[in-house]
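Visitor: Can you read through this structure? Questions will come right after.
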Amino acid sequence: MSRRLALRDRAWLAVDNLRVIGPLSGITVAGLRDSLVRLHDAQPAYHPVSRLDRSALRWVPLSRPDFSRFCADLVVPVPAPLSAGSDPAGAVTRWLVDEPLRDRPLLLAGCNGFVGAKISHGLGDGRVVNTLFPELLRATAAGSVPRPPFPRPVRLPLLRALVHHFGRHPARLRQAVRVARPPAPEVSTVDWRPDVRYRSVRSGTALAEVRAWRDRYAPGVSAAAVLFAAAGTALTRYGLTPRWPGAVMLVDARRYLPDGATVDGNFSWGQYLCPTDRGDPRAVHESLTAELDSGRPLAMLALRTARLAVPPGRLAVPPGSAPAPAARRVSTEPRPELTLTHIGKLDAYTDLPWTGPVEGYRNISVPTTSGPEAVTVSFSELTGALYVNVSFHGSTFDPETVYRAVELLCHDPVGLVDGALDQHG
């Protein structure tokens, strides 16, 4: 029997999660298909092994024979690049970027030891994806049955989180729904076409340098705040000054649940924050701390979910309907509209069958861009190294300029924030 998508998941259907890792040993296309079949045999109604009916907003379970046929479309080999010195990780990434999911909840691809996953955001947010994907790889290597990434979720998680955070001080809720929004200046526009580009950069030393600098010059400030402050400065150094004085920052609302409560699906919100000085880690930390303490991300997640509960006939656009065609106009003077995500340690990936030296490990993420001028930057840590990933449209910004900014951001974040403190004290 089919099941409707949860309200919290419908709003994310136009967005995908994409990650490519490797090199790994013992992970084959046939092995991944077998692993998904074992998962389906164990839990035939589990969403990752169901068909995603986007028009009806439903998860459709499949029979064993139907899933075996469907699975051939869920895991595909990517041809190895022919040129000498070519990049199989890049080939997997580019193929996944260009291939639509359609009715597939996930899509796995492999080439020469590199494996990628494109997973519908309707399945869940980054917390879900970064447990489900490595579990599929781990089970493939072991020949075992993949386990769902979370124990049975609590019922009514949004209500539980709201009561837990606001229950003792209900007056906070009124303040929490006063949300700041990015400014939307009126600008002239020209024709535009989508052209998704990405870059992934690794540094084995930057995180240690960030933490040492933080402990000496800004104790109490989070490493995430240092990296967020450095991001806008890096773009500005190369003539790409962000349009907004702040940035959208993705917040995992699970922090507002009572201890021990779990939730699957989507439980995150993109919150616009405007620190007094975007390039000062202390100002960024204060703004982020105040926003998290206020509970505003949770309140906005609840309001968004409530809006989706309104019958479609009462809305101008039915919730969960197919996304509108990509905007075809862009500012004549485009500037980055910055979204920042700090994923943290990718601990679930560390025990996979990696091969070669750690310096060669790839950890590529390509977040869906939210508009023609969107520049989305994510930070993650794997085996002690910092990985900075960025996605944007090459039809809006010069790719080589963005790539240089990302290289600087990854390899010298301390130099970027040092300069900000020198200017602002």
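Visitor: Using the Karplus equation 6.51 cos²θ - 1.76 cosθ + 1.60 (θ = phi - 60°), what ³J(HN,Hα) coupling, rounded to whole Hz, does each residue of segment 38-54 give in order, writing x for Gly and Pro?
Guide: With the stated coefficients, segment 38-54 comes to 4, 5, 5, 4, 6, 9, x, 9, 5, 4, x, 10, 10, 8, 9, 8, 5 Hz.
Visitor: Test of understanding: express the Cα radius of gyration of the chain as a ratio to 2.2 N^0.38 Å, with N the residue count.
Guide: That works out to 0.98 for the chain.
Visitor: Roughly how many nanometres apart are two label points built 7 Å out from the Cα toward the Cβ at residue 328 and residue 178?
Guide: 4.2 nm
Visitor: Another question, then. Quote the FRET efficiency, to the nearest 0.05, computed for residue 87 versus residue 154 with a Förster distance R0 of 45 Å and r equal to the Cβ-Cβ distance.
Guide: According to the calculation, E is roughly 0.55.
Visitor: Alpha carbons only, please: Rg and Dmax for segment 3-142, in angstrom.
Guide: 14.8, 48
Visitor: By how many nm would the segment from residue 211 to residue 145 lengthen if fully extended, with 0.36 nm per residue of separation less the alpha-carbon distance?
Guide: The span from residue 211 to residue 145 would gain 19.8 nm if fully extended.
Visitor: Calculated from DSSP H runs of 4 or more alone, at -39500 (n - 2.57) each and per residue, what is the 222 nm mean residue ellipticity of the chain, nearest 500?
Guide: Details: 13 runs with 152 residues, N = 425.
The helix contribution divided over the chain gives -11000 deg cm²/dmol.
Visitor: Suppose R0 equals 35 Å. What FRET efficiency, 1/(1 + (r/R0)^6) with r the Cβ-Cβ distance, do residue 53 and residue 395 give to the nearest 0.05?
Guide: E between residue 53 and residue 395, to the nearest 0.05, is 0.60.
Visitor: Between residue 237 and residue 169, with labels modelled 7 Å along Cα→Cβ, what's the label distance in nm to one decimal, could you check?
Guide: 3.9 nm
Visitor: How charged is the neighbourhood of residue 206? Take every other residue with its Cβ under 14 Å from the Cβ of residue 206, and add Lys/Arg as +1 and Asp/Glu as -1.
Guide: For residues surrounding residue 206, the net value is -3.
Visitor: Here's something else I'd like to know. If you rank 20, 49, 37 by fewest surrounding Cβ atoms within 10 Å, what's the result?
Guide: With the fewest neighbours first, 20, 49, 37 line up as 37, 49, 20.
Visitor: Counting every Cα pair in segment 326-425, what percent are over 18 Å apart? Display every interim value, and only then the final one.
Guide: Details: 2846 of 4950 pairs.
For segment 326-425, the fraction of Cα-Cα distances above 18 Å is 57 percent.
Visitor: Tally Lys and Arg at +1 and Asp and Glu at -1 over the other residues with C-beta under 13 Å from the C-beta of residue 90: what net charge comes out?
Guide: Neighbourhood net charge equals +2.
Visitor: Going by average Cβ neighbours within 10 Å, how do the peptides 165-177, 292-304 rank, with the highest at the top?
Guide: 292-304, 165-177
Visitor: Mind ranking 375-381, 273-279 by how tightly packed they are, going by the mean number of other C-beta atoms within 10 angstrom, highest first?
Guide: Sorting 375-381, 273-279 by mean packing, highest first, produces 375-381, 273-279.
Visitor: Choose one answer from 334, 219, 77: the residue with the largest mean-square fluctuation in a GNM of the chain with alpha-carbon springs under 10 Å.
Guide: 219
Visitor: Round to the nearest 0.05 the FRET efficiency obtained for residue 404 and residue 286 when R0 = 25 Å and r is the Cβ-Cβ distance.
Guide: 0.25
Visitor: Residues with beta-carbon under 12 Å from that of residue 191, excluding residue 191: net charge, scoring Lys, Arg +1 and Asp, Glu -1?
Guide: Neighbour charge sum, excluding residue 191 itself: +3.
Visitor: Roughly how big is the chain's charge dipole about its Cα centre, with Cβ charges of +1 (Lys, Arg) and -1 (Asp, Glu), in debye to the nearest 20?
Guide: In total the dipole reaches around 1700 debye.
Visitor: In what sequence do 71, 111 fall when counting other Cβ within 10 Å, fewest first?
Guide: On the way: 71 20, 111 24.
Ordered by Cβ neighbours within 10 Å, fewest first: 71, 111.
Visitor: Something else: From the residues 235, 187, 250, which one has its Cα farthest along the dipole of segment 158-257 in the positive direction, the dipole being from +1 and -1 charges on Cβ of Lys/Arg and Asp/Glu about the Cα centre?
Guide: 250
Visitor: Using amide H atoms built in the peptide plane, which far-off residues or other-chain residues are under 5 Å from residue 251 H to H?
Guide: 269, 270, 271
Visitor: Please get the size of the charge dipole for segment 3-142, origin at its Cα centre, with Cβ charges of +1 on Lys and Arg and -1 on Asp and Glu, quoted in debye to the nearest 20.
Guide: 420 debye
Visitor: Something else about it: Could you work out how much longer the chain between residue 99 and residue 293 gets when fully extended? Use 0.36 nm per residue separation minus the Cα distance between them, nm to one decimal.
Guide: Roughly 65.9 nm would be gained on extension.
Visitor: If each residue of separation counts as 0.36 nm, what is the full-extension length gain between residue 1 and residue 368 once their alpha-carbon separation is subtracted?
Guide: Residue separation times 0.36 nm, minus the Cα-Cα distance, leaves 129.0 nm.
Values quoted throughout were computed directly from the atomic coordinates according to the rules given, and no laboratory measurement underlies them. Since the structure is predicted, the reported quantities are computational estimates derived from the model, not experimental observations. A quick note on method: Cβ atoms are made from the backbone with ideal geometry, for glycine too, and the neighbour counts reach across all protein chains shown.
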